[in-house]
Amino acid sequence: MSAKPKIPVESDRLPLLPLKDVVVFPRMVVPLLVGRQSSLIAVEESLASGHPLFLCTQRDPSVESPKPQELHEVGVAAGILQTLRMPDGTMKVVVEGLGRARLVRMRERGGFIEATVTRVEETPLEGTNAEPLMRATLNQFEQYVRQSGRVAPEIVSSLRGVNEANTLADLICAYLPLRVEERQQLLERVVVEERLELLSSILMREGEMLEMERKVRDRIREQMDRSQREYYLHEQLKAIQQELGNRDGSDELAELRELIDKAEMPQEVKEKAMRELGRFERMPAMSPEGAIIRTYLEWLADMPWTKRSRDSLNLVHAKTVLDEDHYGLSKVKERILEFLAVRKLSRSTKGPVLCLVGPPGVGKTSLGKSIARAMGRQFVRISLGGVRDEAEIRGHRRTYIGALPGRVIQSMKKVGVKNPVFMLDDIDTMSMDFRGDPSSALLEVLDPEQNRNFSDHYLEVDFDLHEVFFITTANSEYEIPGPLHDRMEVVRLSGYTLHEKERIARLFLVPKQMKEAGLTDRSIRFAESGLQTIIQRYTREAGVRELERQIAQVCRKVAHKVVSKPRSRLVTINDVRVQELLGPPEYSDLRADAKPQAGVSVGLAWTWAGGDILHIETSTMQGKGALTLTGQLGEVMKESAQAAYTYLRAHAKALKIPPNFYRNLDMHVHVPEGAIPKDGPSAGVALAVSIASALRNKPPRPALAMTGEITLRGRVLLVGGIKEKVLAAHRAGIRTVILPAENEKDLHEIPSDVRSGITFIFVNEVEEVMRAAFDAPSRIARKPKRKARR
């Protein structure tokens with residue numbers, strides 16, 4: 001600690017200490033951190049000579065060696081109260097301002113800058129305005145202290161004892177957080193009255209700013225709840241910007257407006273979007289609806305209003321792609337090529353609505369992807385299995401929290417174009433409950449006359465779906481609601497024949513599973529006998545899904561062998577090797593070719609999985625003519641059995657059966673696999689043959705199956721599902737099939753290799769059925785053969 005230096009006289013030479021971003025006032029005690037070498041030497045010189053330092057603020061704080069023009073002219077002579085050397089070589093100096101001084105010139109001396117300064121004489125405050133001006137300034141400062149809370153209240157009490165105006169002004173300046181430029185202006189005001197007036201205006205401005213801050217804090221505090229308190233500072237900035245006339249998030253508004261402009265919306269949609277954007281702009285920053293509107297605008301902007309992919313109209317290329325991906329399915333392929341041909345000629349953008357109906361595993365879903373690839377379009381798929389809420393299709397209204405568009409609009413946004421191939425999978429498995437009927441909502445989607453203006457509850461604007469190529473799939477055509485069925489073009493896919501399955505396995509399934517198992521042609525080879533054994537003895541399906549699983553299992557076992565024995569030879573998958581790898585066969589190869597038995601007939605049935613055969617068993621016993629029906633039969637099938645029983649009673653003599661059987665014989669008709677429900681009228685002829693066989697005690701011809709509805713007059717009526725039933729008979733080894741004469745027209749749908757392996761007998765009456773079932777082939781009265789339509 002050194003002795004207190006004296007204020008410089010009229011002209012004196014003092015060590016210069018340039019200051020960065022600091023202005024020191026007279027009678028102000030402030031610590032300074034001195035680091036520049038010249039400044040350290042100046043401090044040492046001041047301590048050694050006892051002269052005060054001249055503190056002068058730099059105009060540019062980035063300059064390390066300031067020149068005279070880079071320093072403010074007016075500074076302060078300051079005495080050093082205390083110094084402290086720091087470990088890093090710098091020095092902490094506590095100084096006290098003594099009085100104002102003006103820089104005249106400066107020169108370098110002994111490593112520091114010596115400044116020639118003159119004392120600045122202040123003009124005192126005199127007259128009648130002195131006391132009111134001092135009191136007003138002090139009152140403003142006292143109000144500032146109360147509002148800001150940044151200055152201790154005791155300071156105001158100590159300033160009340162100050163009688164000199166210049167001292168009061170300098171002390172108040174020392175406690176105000178002002179910018180360097182403002183502090184320098186106050187320092188340079190040598191007329192005390194002007195200094196107080198400037199200080200008063202600054203205090204008034206600061207008071208207004210503090211009041212505005214208080215209002216901002218109050219407004220934010222009212223808007224915030226407990227979960228938002230961590231955002232306090234951010235919200236304070238928003239409120240300040242509101243006071244300045246600008247809404248927070250101007251960049252956000254500009255971004256949304258740019259998205260709307262780039263979306264190329266229809267005019268009415270753009271008007272709706274701009275109205276919502278206006279609401280968003282006027283909405284308070286803390287309003288929860290703001291996020292809802294922003295999400296809505298983003299959905300509108302992301303929809304593909306005009307974006308579309310270009311169709312590939314090369315029919316040769318499309319046919320090649322379809323044939324590469326799927327074997328057979330000529331009807332569907334032909335329909336796609338027809339659409340492309342029409343599209344090429346008319347340039348119509350209207351998309352068709354196809355419904356692919358067929359048993360599982362025939363390739364309905366994968367066919368949709370193949371169609372998209374052949375046409376050069378994007379592909380999108382949604383599964384409707386188990387959907388029972390209308391909002392899944394049309395979306396929720398925005399009044400609900402977490403509302404979203406329906407799955408149709410979501411998929412259109414995801415695919416990014418307005419003309420994709422859109423697959424609605426398993427349309428027959430939808431249901432309905434108290435939340436609505438989704439099938440009714442699909443009416444507008446799939447109606448070509450209505451889907452130009454599809455309305456989603458969330459978007460609340462029309463979206464054009466007429467360019468979309470809709471493909472729906474179903475396992476059962478009868479489960480599709482009638483109004484929905486009427487709006488679609490149904491293409492029926494039947495099960496595959498043995499030859500078709502073998503070709504599909506050879507061309508598609510085997511290469512796919514070999515690749516997934518990491519096998520090559522040097523490791524495994526599927527012989528024809530091996531594939532046929534897998535198809536006939538390990539699968540019983542209309543499609544090829546289970547066949548693919550069995551082939552995959554064979555490939556995995558071979559892969560295990562290859563890894564276990566790296567030098568193993570090529571494995572040939574024949575019928576013997578299949579049984580070694582897959583175990584005992586799950587199905588009998590000649591299930592329907594077993595030795596015929598009295599009372600047993602073979603019927604043909606249609607199921608959602610394709611076609612199947614039914615063994616109908618009848619047993620007679622002594623009794624009073626009771627008829628028992630078992631096997632979980634439906635009402636229609638029970639009525640068919642009653643009709644067959646009544647017909648046999650009425651024509652017992654002509655059919656060579658005991659005429660009084662209904663009096664002394666009880667009869668039990670059973671259809672095995674009783675856990676599976678069975679229904680329909682097409683088993684009428686098979687029921688009649690089974691009962692007649694039991695009464696005659698004579699078995700029907702071997703390898704014989706039949707289908708057809710009968711009447712009490714003995715007519716054999718038309719039935720459906722002929723292709724599926726005949727394919728099931730072919731898979732089961734049936735060699736003769738009895739069909740209603742009216743179903744002869746359906747033979748053109750059956751593959752030629754299947755037709756050539758089966759003898760078809762067409763009948764109009766039950767008597768013809770009995771002759772075909774029990775008489776020798778040479779005695780069967782056949783209907784003249786007619787050429788089947790192709």
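Laboratory data are not the source of any read-out in this text; all were calculated from the coordinates shown. None of the values given here were measured: they were computed from a predicted structure. Note that each Cβ is placed from the backbone with ideal geometry, even for glycine, and that neighbours are counted across all protein chains shown.
Using 1/(1 + (r/R0)^6) with R0 = 51 angstrom and r between the beta carbons of Ala650 and Tyr587, what's the FRET efficiency to the nearest 0.05?
For Ala650 and Tyr587, the calculated efficiency is 0.80.
Just to check I understand the Karplus step: with θ = phi - 60° and J = 6.51 cos²θ - 1.76 cosθ + 1.60, what whole-Hz values come out for region 420-428, glycine and proline as x?
For region 420-428, the Karplus curve yields x, 8, 10, 9, 9, 7, 6, 5, 7 Hz.
Lys/Arg Cβ at +1, Asp/Glu Cβ at -1, dipole of the chain taken about the Cα centre: which of Val180, Gln450, Thr137 is farthest positive-ward?
Gln450
Taking H placed 1.01 Å from N in the peptide plane, check which residues at least 5 places from Val104 or on another chain put their amide H under 5 Å from its amide H.
Amide H neighbours of Val104, under 5 Å, 5+ apart: Thr116, Val117, Thr118.
Placing +1 at every Lys and Arg Cβ and -1 at every Asp and Glu Cβ, with all other atoms neutral, what dipole size does region 276-432 have around its Cα centre, in debye to the nearest 20?
Magnitude of the dipole: close to 540 debye.
Any idea what the alpha-carbon Rg over 2.2 N^0.38 Å comes to for region 54-112?
The reported ratio for this selection is 1.27.
Need the list of lysines near Lys512 for cross-linking: C-alpha distance under 21 angstrom, and skip anything on the same chain fewer than eight residues off.
Lys364, Lys369, Lys501, Lys557, Lys561
For region 477-578, report the translational diffusion coefficient in µm²/s to the nearest whole number, using Stokes-Einstein at 37 °C, 0.692 mPa s, and a Kirkwood Rh over Cα pairs.
So the translational diffusion coefficient is about 214 µm²/s.
Report, to the nearest 10°, how far helix 232-243 tilts away from the longest principal axis of the Cα atoms in the chain, using its own Cα long axis and a range of 0 to 90°.
For 232-243 against the chain, the angle is about 70 degrees.
Please get the size of the charge dipole for the chain, origin at its Cα centre, with Cβ charges of +1 on Lys and Arg and -1 on Asp and Glu, quoted in debye to the nearest 20.
For the chain, the charge dipole is close to 5380 debye.
Would you list the P(r) distribution for region 21-93, with all Cα-Cα distances sorted into 5 Å bins from 0 and each bin expressed as a whole %?
Percent of pairs per bin, in order: 3, 14, 25, 27, 21, 8, 1.
Rounded, prolate or oblate: which fits region 497-642 when a ≥ b ≥ c are the square roots of the eigenvalues of the alpha-carbon gyration tensor, with rounded for a/c under 1.5 and prolate only if a/b beats b/c?
prolate
Students often forget the sequence filter, so: which aspartates and glutamates lie under 16 Å Cα-Cα from Lys319 once same-chain residues fewer than 8 apart are removed?
Within reach: Asp311, Glu334, Glu338.
Compute the Cα gyration tensor for region 63-167, then decide on rounded, prolate or oblate, letting a ≥ b ≥ c be the square roots of its eigenvalues: rounded whenever a/c is under 1.5, prolate when a/b is larger than b/c in the other cases, and oblate in all that remain.
It is oblate, given that a/c is not under 1.5 and a/b is not larger than b/c.
On each of the three principal axes of the Cα atoms of the chain, give max minus min coordinate, whole Å, ordered largest first.
Rounded to whole Å, the extents work out to 153, 67, 60 Å.
Mind checking region 594-655 for trypsin sites (Lys or Arg not before Pro) that DSSP puts in a loop (not H, G, I, E or B) and that have at most 13 other Cβ atoms within 10 Å?
Lys624, Lys653
Starting at the first residue of region 567-583, write each ³J(HN,Hα) from the Karplus equation 6.51 cos²θ - 1.76 cosθ + 1.60 with θ = phi - 60°, in whole Hz, x for Gly and Pro.
Here the 3J(HN,Hα) series is 9, 5, 7, 4, 9, 9, 8, 10, 5, 6, 5, 4, 5, 5, 7, 9, x Hz.
Can you tell me the orientation of helix 315-325 relative to the chain, as the angle in degrees between its alpha-carbon axis and the longest Cα principal axis, to the nearest 10?
80
If each DSSP helix of 4+ residues adds -39,500 (n - 2.57) and the sum is divided by the residues in the chain, what number results at 222 nm, nearest 500 deg cm²/dmol?
Value at 222 nm, helices only: -12500 deg cm²/dmol.
Classify region 333-409 from the C-alpha gyration tensor, please: rounded if a/c falls under 1.5, else prolate or oblate depending on whether a/b exceeds b/c.
Cα axes put region 333-409 in the oblate bin.
Output ³J(HN,Hα) for region 625-630: one whole-Hz value per residue in order, computed from phi by the Karplus curve 6.51 cos²θ - 1.76 cosθ + 1.60 with θ = phi - 60°, and x for Gly and Pro.
These are the phi-based 3J(HN,Hα) values: x, 6, 10, 10, 10, 9 Hz.
Expressed in nm to one decimal, what extension gain is obtained for the pair Gln82 and Lys344 from 0.36 nm per residue of sequence separation less their Cα-Cα distance?
Difference between extended and current length: 84.7 nm.
With everything on Cα atoms, drop me the angle between helix 289-302 and the longest principal axis of the chain, reported from 0 to 90° to the nearest 10.
Approximately 60 degrees, to the nearest ten.
Taking amide H positions as placed 1.01 Å from N in the peptide plane, with prolines and chain starts having none, which residues 5 or more places from Leu356, or on another chain, fall under 5 Å of its amide H?
Excluding prolines and chain starts, which carry no amide H, the hits are Thr472, Thr473, Ala474, Val491.
Treating cross-link reach as a plain straight distance, find the lysines whose alpha-carbon is under 19 Å from the alpha-carbon of Lys20, omitting any fewer than eight places away in the same chain.
Here the lysines satisfying the reach criterion relative to Lys20 are Lys67, Lys92.
Nothing charged except the Cβ atoms of Lys and Arg (+1) and of Asp and Glu (-1): what's the magnitude of the dipole of region 572-727 about its Cα centre? Round to the nearest 20 debye.
Computed about the Cα centre, the dipole is about 1000 debye.
Hey, can you grab everything whose amide H is under 5 Å from the amide H of Leu19? Only 5+ residues off in sequence or another chain; H modelled, so Pro and N-termini drop out.
Cys56, Thr57, Gln58
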